[in-house]
Every structure is written in C-alpha cells, then in structure tokens.
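The values are calculated or read from the model by the stated rules, or taken from the named source; none is laboratory data. Predicted, not measured: the structure shown is a model, and the values here were computed from it. Please note: Cβ atoms are built from the backbone with ideal geometry, for glycine as well, and neighbour counts cover all protein chains shown.
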Amino acid sequence: MNKIFTFIFALLVHTALSMNLVNAQVQPTFNLTASNFQYTDSIGTGGFGYDALTFDIYILHTNLAQSGPFEFALGQYYFNVKALPGVAADYTYYMVPGTTTFTNPLAVPRNPIVSMPDATSPTGVSLRVNSNTVLGTGNGPIISNVFPGTRVSTFRFKKKVGSIETGVYPDFFQSGISGYGTNTASAWRLALPNTFTKIFAYVGTLNTDISLQGTYSIEYYPTYAAYNPTTYLYSPANNSTNVPVNVNFIWGKNTQAVKYLFQLASDINFTGLIKNDTIQNITDTVKTVSGLSTSSTYYWRVGSKFSNGTINFSSTWSFTTLPGIVLNLKLIPEGIYFSIFNQLSRRDTMTVFLRNTASPFSKVDSAKAVIDSVNFTGLLKFSYAPAGTYFIAVKHFNSIETWSKSGGVAMNLTDTTFYDFTTAAAQAYGSNLKLKGSKYCAYSGDINQDGIIDASDLIKVYNDSYVGLTGKFLVSDLNGDSNVDASDVSTADNNVYKGVLKITP
C-alpha cells in the first residue's frame with residue numbers, strides 16, 4: 001500500500017512540476033502601433049483635395065531575451081474612430097495589397113470594414129479587420145524585435161466621392177477635435193463586450209492569447225502627399241511583395257490630362273514592355289492585367305497625356321508576384337515501370353490539373369512536369385491557383401487519368417506540397433492504382449484517352465504489334481522499349497479484362 005501511495009505522490013509531483021514548467025515559460029511582449037499616417041490625393045485637385053488616409057500597423061517584439069522568438073499565430077485589429085454622424089458611410093476601408101512583411105501571407109488579416117453604427121464605440125464608428133487564417137505551429141512568421149517591427153499591412157481609409165472635408169473632421173485618429181472629449185478619442189479597441197483587438201502567439205506549441213502582454217499606441221503625425229502634376233500611383237504599392245498574378249493597377253486622376261498611357265515592363269528601363277496601353281477614358285484610373293508570372297518582379301508607370309501632345313510620366317513603381325503553388329509529385333505509369341530494377345524505362349511527361357473539391361470539380365490551374373526515371377518525381381509550378389484544397393488529376397498520354405485521394409490535398413503558397421501516388425492504393429481516388437512489385441502505379445493502356453481501357457485501345461496496340469511498329473514515344477508502346485510487341489498487347493489486354501476506367505468524384 002505504501003508503494004502505491006508513494007507512486008501516486010510522485011506522479012502528482014511530476015504533474016505539478018510539468019504544469020509549472022509550462023506556466024513558467026515567458027510569453028512574448030510586444031508593441032502594437034499604428035503609424036506613418038499620410039493623406040493622399042487621387043482626385044487631382046492638389047492642395048486640400050485629399051481623399052484618402054493611409055497608415056501602417058506594426059508589431060514589435062519587446063522581450064526577446066526573456067521569451068525567445070515570437071512566433072505569430074493570430075491577430076485581429078479594431079479601432080474606434082472619430083466621425084460625425086453618417087460620415088463613415090461615405091468611406092471604404094481596405095488593405096493595400098502586397099504591403100505586409102509577414103513571411104507567411106496567410107498571417108495577413110481579412111475583411112476590413114467600416115462598422116457604423118457601432119453601439120460599442122463611443123463615437124458610433126469603428127474600423128475592423130478580422131483575424132487571419134489559423135496557421136499551425138511552425139508556420140507562423142517570427143515577429144521582428146528591430147524597430148519598428150513587422151508590418152502587418154498598410155491600410156487605407158478612403159472617401160468614396162470627393163475630398164475629405166479638411167475643415168471639419170480630417171483627422172480621424174487625432175485626439176482633442178472640437179466637440180469630442182478625451183473619453184471619445186479615436187483609439188485601439190481593447191476591452192469591450194464584443195470583438196476587440198487580440199494578438200496570439202505560439203508559446204511552445206500552444207496557440208496562446210498574449211493580448212494583455214502588449215502595449216498599444218497610435219502615432220498620429222500625419223503628412224500630406226505632394227500633389228503630382230502627372231499622376232499618383234496607388235496600387236500595387238511600391239516594392240510590394242506577394243502580389244497576385246492577376247493585378248488591378250490603380251492611380252490618381254489628373255484633371256488636366258486627356259488620356260493616360262499605362263506601361264508595364266519586366267525591367268526598370270521599360271525596354272521589355274509587357275503592356276503599353278493608351279486609356280482614352282480619363283475618369284477610368286484602373287487597369288487590370290491578368291496572367292503575370294509567379295515569383296517575378298515587374299515595373300509600372302502611368303503617363304498623363306495633355307492636349308498639346310506632351311506626356312508626363314509618374315514615378316516608376318515595382319512589385320513582386322506570389323511564388324505560386326509548387327507541387328512535388330511522385331507517380332509511376334504501370335507500363336514503363338520495371339520492378340526488378342525499380343526504375344522506369346525512360347523519363348516521361350505528365351500533365352497535372354488542380355481541380356476544385358466541390359462539384360463540378362472545375363479545373364483551376366494546370367502544369368506539366370517530366371517524371372524522373374529513378375526517383376519517379378516531377379516538380380510542377382502552378383501560377384494562377386490560390387492557396388486551397390484541390391484534387392490532383394494526372395494525365396499521361398497512354399495511361400488512365402488518375403485523381404488524388406478523397407477530400408483533396410491542401411496546398412499553400414509558402415511551402416512545396418509533396419504528394420506520392422506510389423505508396424498505397426488509397427492515394428488515388430477510388431484506389432484506382434495497380435500494385436507492381438512494391439509500387440502502386442497508374443494503369444497503362446488508355447490509348448485514345450477516353451477514360452476507359454477497352455477494345456478500341458486494345459485493337460490499336462494489337463495492330464501496331466502485328467506490323468512490328470518501332471519508334472520513340474509511340475502511344476501503343478506501353479513499356480517504352482521503342483517496340484510495339486506482345487508485352488504491350490498483354491498489358492492492354494489485362495487492363496481491358498479488369499475493366500479499368502477513370503474514377504472521379
């Protein structure tokens with residue numbers, strides 16, 4: 001009995017010590033700051049014709065020596081702001097694309113909105129940005145401890161029509177405006193009954209609310225962008241990164257111009273012009289360009305053309321596009337795999353489609369890769385698909401189309417996704433793979449690529465075998481030895497007998 005009590009006591013002591021060790025782990029502290037406020041002009045009046053207020057939100061890690069690295073997990077950002085009744089409805093609030101310095105773009109918050117009326121805000125108006133995607137431990141960006149910290153994003157609060165009424169309420173974040181007391185000052189929302197600003201970090205592997213470990217400030221010393229007699233560029237921001245490959249370019253209106261000249265190039269000297277478009281409608285200050293390359297830097301500018309024929313160009317801005325989805329794929333076509341040597345008879349090309357996981361399972365993007373004959377892998381880059389969950393559908397010129405497992409495969413823009421069809425039948429949708437030696441392979445023999453291996457495929461292989469057809473990459477040469485013969489007929493015949501067909505959701 002004493003031994004039992006001794007064991008229980010020791011277990012309790014061990015548990016208590018473990019809990020103390022967890023509790024003793026120092027949480028990161030931080031400063032959350034809104035700064036770099038600037039009024040800008042996109043309506044071309046100059047002077048007091050400012051219609052937008054931009055600012056940055058930074059997180060600065062302040063106790064690195066005590067807590068170790070601050071791995072960011074979640075963040076949501078809420079302000080109460082000053083505004084006269086009805087004013088906020090005239091404004092939009094959004095993030096400037098590509099301005100974050102988070103290494104993982106999924107850490108960027110979502111859905112900025114102006115909330116009015118807001119009963120929990122002393123002024124009845126709030127600016128809100130919802131929390132980012134749950135990243136998972138090991139995927140969160142490390143917050144900088146070097147001033148000013150890591151930039152969450154640049155935000156813009158913009159009037160929909162006309163200029164900000166500078167004589168009435170231009171300074172939404174400034175304290176002490178006439179008619180507002182200190183209790184109604186624009187400020188971070190930190191403690192109200194409903195949603196408010198929160199910051200989470202991974203403490204060990206736990207997603208931990210560290211909001212109370214922070215200090216919060218608004219450094220409001222606004223500057224006013226000089227009126228540019230040409231035009232002012234807005235988006236994508238200069239030197240921005242992780243910009244989508246389909247881009248909306250936005251610039252300010254120049255009331256003296258009769259048309260614009262939009263230029264996009266792959267070099268700063270604009271010798272490699274990608275777009276050189278005249279825009280006749282001077283009220284249209286947006287240009288959409290689709291299909292840019294991933295992981296590429298581009299340069300853009302806008303020229304204002306005047307009635308005398310002269311063109312004044314804006315400054316040149318640059319941006320870099322998202323890296324895109326990278327897939328490391330392992331797949332073996334049955335026919336060209338020789339299990340005794342554990343290799344393919346040749347390297348071969350696959351075409352891979354990313355498909356939505358919901359009906360009708362539409363194609364989102366495609367890419368091609370050469371599958372290596374020794375390691376059976378190929379590297380594919382998808383330029384247009386956003387991060388998400390997809391079916392991987394693989395086509396090979398004489399194999400049955402094969403889809404990845406039920407539920408799809410999660411893919412992001414920051415890490416290479418690895419997918420291996422060769423380890424188990426269940427790696428293919430409907431277990432549509434053949435075990436050959438120790439590897440699972442895609443069935444060979446769909447000569448006409450109609451999704452079923454049947455008599456029409458078999459007769460093609462048979463006829464080519466009968467005449468002794470030879471040559472490289474023959475569709476009926478299933479084993480890749482450059483001869484159509486009895487071994488190819490046997491492979492096709494066996495799969496016809498099994499009734500092999502494409503299996504999809």
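Below, the figures for the structure above:
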read-out: Any hit, segment 277-288, residues being under 24 Å from T103 (Cα atoms) and either surrounded by 15 or more Cβ atoms within 10 Å (Cβ to Cβ) or without any contact (Cβ under 8 Å) to a residue 24 or more places away in the chain (or both); value: no
read-out: Selected residue [aliphatic (A, V, I, L, M), touching a strand residue (DSSP E or B) at 6+ places or on another chain (Cβ under 9 Å) and without any contact (Cβ under 8 Å) to a residue 24 or more places away in the chain] from V394, V374, V370, V364; value: V370
read-out: Extreme residue, modelled with the highest pLDDT, among residues of segment 71-118 that are closer than 25 Å to S295 by Cβ and among the hydrophobic types (A, V, I, L, M, F, W, C); value: F72
read-out: Residue match in segment 309-331 (condition: surrounded by 17 or more Cβ atoms within 10 Å (Cβ to Cβ), under 25 Å from A425 (Cβ atoms), in the same structural domain as Q427 (by TED's automatic domain parsing) and free of Cβ contacts under 8 Å to residues at least 60 places away in the same chain); value: no
read-out: Number of the exception - K472 against (1) in a helix (DSSP H, G or I); (2) without any contact (Cβ under 8 Å) to a residue 12 or more places away in the chain; (3) of a type in the set (D, E, K, R); value: (1)
read-out: Residue among T184, T195, T230 that is modelled with pLDDT under 75, within 19 Å of Q38 (Cβ to Cβ) and either aliphatic (A, V, I, L, M) or surrounded by 14 or more Cβ atoms within 10 Å (Cβ to Cβ) (or both); value: T230
read-out: Any hit, segment 123-146, residues being at pLDDT below 90, of a type in the set (S, T, N, Q) and more than 27 Å from M411 (Cβ to Cβ); value: yes
read-out: Residues that are of a type in the set (S, T, N, Q) and either surrounded by fewer than 15 Cβ atoms within 10 Å (Cβ to Cβ) or within 14 Å of Y299 (Cα to Cα) (or both), drawn from segment 234-255; value: S235, N238, N239, S240, T241, N246, N248, T255
read-out: Filter result for the condition that a residue is in contact with a Lys or Arg (Cβ under 8 Å, 6 or more places away or on another chain) and loosely packed, with under 15 Cβ neighbours inside 10 Å, over N448, N463; value: N448
read-out: Any chance F376 is farther than 10 Å from L327 by Cα, surrounded by fewer than 19 Cβ atoms within 10 Å (Cβ to Cβ), aromatic (F, W, Y) and at pLDDT 90 or above; value: no
read-out: Every pair of residues 6+ apart whose Cβ atoms lie under 9 Å, when the first sits in segment 490-504 and is on the phi < 0 side of the Ramachandran plot while the second is assigned to a helix (DSSP H, G or I) and surrounded by fewer than 16 Cβ atoms within 10 Å (Cβ to Cβ); value: V496/A455; I503/S431
read-out: Residue within segment 44-63 that is at pLDDT below 85, buried (at least 18 other Cβ atoms within 10 Å of the Cβ) and in a strand (DSSP E or B) present; value: yes
read-out: Subset tally (residues that are aliphatic (A, V, I, L, M), farther than 19 Å from N139 by Cβ and either touching a Cys at 6+ places or on another chain (Cβ under 7 Å) or touching a residue at least 24 places away in the same chain (Cβ under 8 Å) (or both)) for segment 405-436; value: 2
read-out: Extreme residue, farthest from L64 (Cα to Cα), among residues of segment 144-161 that are among the charged types (D, E, K, R) and out of contact with any helix residue (DSSP H, G or I) (no Cβ under 8 Å at 6 or more places or on another chain); value: K158
read-out: Lone unmet requirement of (1) among the aliphatic types (A, V, I, L, M); (2) in contact (Cβ under 8 Å) with a residue 24 or more places away in the chain; (3) within 28 Å of T100 (Cα to Cα); (4) touching a Ser or Thr at 6+ places or on another chain (Cβ under 9 Å) for L273; value: (2)
read-out: Residues of segment 378-416 classified as of a type in the set (S, T, N, Q) and assigned to a strand (DSSP E or B), total; value: 4
read-out: The lone exception for R156 - which of (1) part of a strand (DSSP E or B); (2) modelled with pLDDT under 85; (3) charged (D, E, K, R) it fails; value: (2)
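Residues checked against (1) part of a loop (DSSP other than H, G, I, E, B); (2) in contact with a Pro (Cβ under 8 Å, 6 or more places away or on another chain); (3) under 30 Å from F319 (Cα atoms):
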residue: T92; (1), (2), (3): no, no, yes
residue: T99; (1), (2), (3): yes, no, yes
residue: F102; (1), (2), (3): yes, yes, yes
residue: L106; (1), (2), (3): no, no, yes
residue: P112; (1), (2), (3): no, no, yes
residue: T120; (1), (2), (3): yes, yes, no
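To keep it simple, each residue is scored yes or no on (1) at pLDDT 95 or above; (2) crowded, with 17+ Cβ neighbours inside 10 Å; (3) in contact with a helix residue (DSSP H, G or I) (Cβ under 7 Å, 6 or more places away or on another chain); (4) in the same structural domain as S359 (by TED's automatic domain parsing).
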{"site": "V394", "(1), (2), (3), (4)": "yes, yes, no, yes"}
{"site": "W403", "(1), (2), (3), (4)": "yes, yes, yes, yes"}
{"site": "Q427", "(1), (2), (3), (4)": "yes, yes, no, yes"}
{"site": "A442", "(1), (2), (3), (4)": "yes, yes, no, yes"}
{"site": "L458", "(1), (2), (3), (4)": "no, yes, yes, no"}
{"site": "N479", "(1), (2), (3), (4)": "no, yes, yes, no"}
{"site": "D488", "(1), (2), (3), (4)": "no, yes, yes, no"}
{"site": "V496", "(1), (2), (3), (4)": "no, yes, yes, no"}
